[in-house]
Amino acid sequence: MTGEPAAPQTYDVGMGDDAALRDSGIRSADRVLRVLDEIGATPGGLTAAEVAVRLRLSTATAYRLLATLIARDYLARSDDARYVLGRAVDGLGRAVRSQLVATPEVRGVLSRLRDTARASAYLTVFRGDDIAVAHVADSPAFPRIGQLHVGFAEAAHVTAFGKLMLAARDDDGVRRYLERNGAAALTTRSITDERTLLEQLDEVRAQQIAVEVDEYMPHLACIAAPVRSRSGRTVGAVSVSTDSEDFRSRAHDLERAVRRGAWHVASSLG
């Protein structure tokens, strides 16, 4: 054929590719979230085939999404080849709860408590059926207890904040907690007998203050006061820790400080 050569065809590559990539990214993110939703809503977890059916995905796509989530610890694979939520999801949950409760104002309250009490300060909250540390205010001068960190949810029977928050439950609730978590002796002063612990919690309820000396660690003491909602329900605890001798010499001052700190935290939470 003769005549002018045809002009080369042009394409709007930039805009089209950007839109395609954006749409692809949105679909991938949506699928990832739906995978987490479906597995989170199924206590026993799901197999890859079940995920594929529920989300109407190919088996290859389901495996690819699951592998990505496992690599980032958002999922874990059980021995029977079922996928369950992983540690990273729990970490996100802790972060959300910490951000909701340990607001800048609350962190400021705890920092001031640390400085006035001359001791590291802690905020503890309920995390489902567990009792977990939501914020720690420490400093080089007043270091935290080495094992205590945000998310710590162990040994409630031998920590002041744990006893304070266990006292917010009735005796049956305390027994269920002990059945699930046990009551191991961490020092020679640890209370492990159920009846003795229940009697101590009655005293905590009456005094609205909890103390432990040398129960969690030798030569360590803690004191905790309740953070209450407007309805009067215990929703958390404020505590400080120091060495046992220091605590004995100024227990009254530390009690006043944690009570005041707990009141200010409750006020800031509204």
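Just so you know, all these numbers are worked out from the coordinates, no wet-lab data involved. Since the structure is predicted, the reported quantities are computational estimates derived from the model, not experimental observations. All Cβ positions, glycine included, derive from the backbone under ideal geometry; neighbour counts span all protein chains shown.
Miscellaneous remarks
- Rounded to 5, percent antiparallel among DSSP beta bridges of the range 91-269: 100
- Note on the chain: with a GNM built from Cα contacts shorter than 10 Å, the maximum mean-square fluctuation among Leu55, Leu220, Leu123 falls on Leu55.
- Mean projected area of the convex hull spanned by the Cα atoms of the chain, taken over all viewing directions: 23.4 nm².
- Summing +1 for each Lys or Arg and -1 for each Asp or Glu among the other residues whose beta-carbon sits under 14 angstrom from that of His219 gives -4.
- The chain: most fluctuating residue of Pro143, Pro218, Pro43 per GNM, C-alpha cutoff 10 Å: Pro43
- The chain: relative contact order in percent, alpha carbon pairs under 8 Å with at least 6 residues between: 14
- Normalised by the number of residues in the range 41-156, the average gap of Cα pairs under 8 Å and 6 or more apart makes the relative contact order 16 percent.
- Candidates Tyr177, Tyr63, Tyr122, ranked by Gaussian network fluctuation over the chain, Cα under 10 Å, top entry: Tyr63
- Relative contact order for the range 122-252, counting Cα pairs under 8 Å that sit 6 or more residues apart, in percent: 25
- Calculated [θ] (222 nm, deg cm²/dmol) that DSSP helices of n ≥ 4 give over the chain, each run adding -39,500 (n - 2.57): -16000 deg cm²/dmol
- Net charge of neighbours whose Cβ lies under 11 Å from the Cβ of Arg189, counting Lys and Arg as +1 and Asp and Glu as -1: -3
- The label point for Val53 and the one for Asp193, both projected 7 Å from the Cα toward the Cβ, are 5.5 nm apart.
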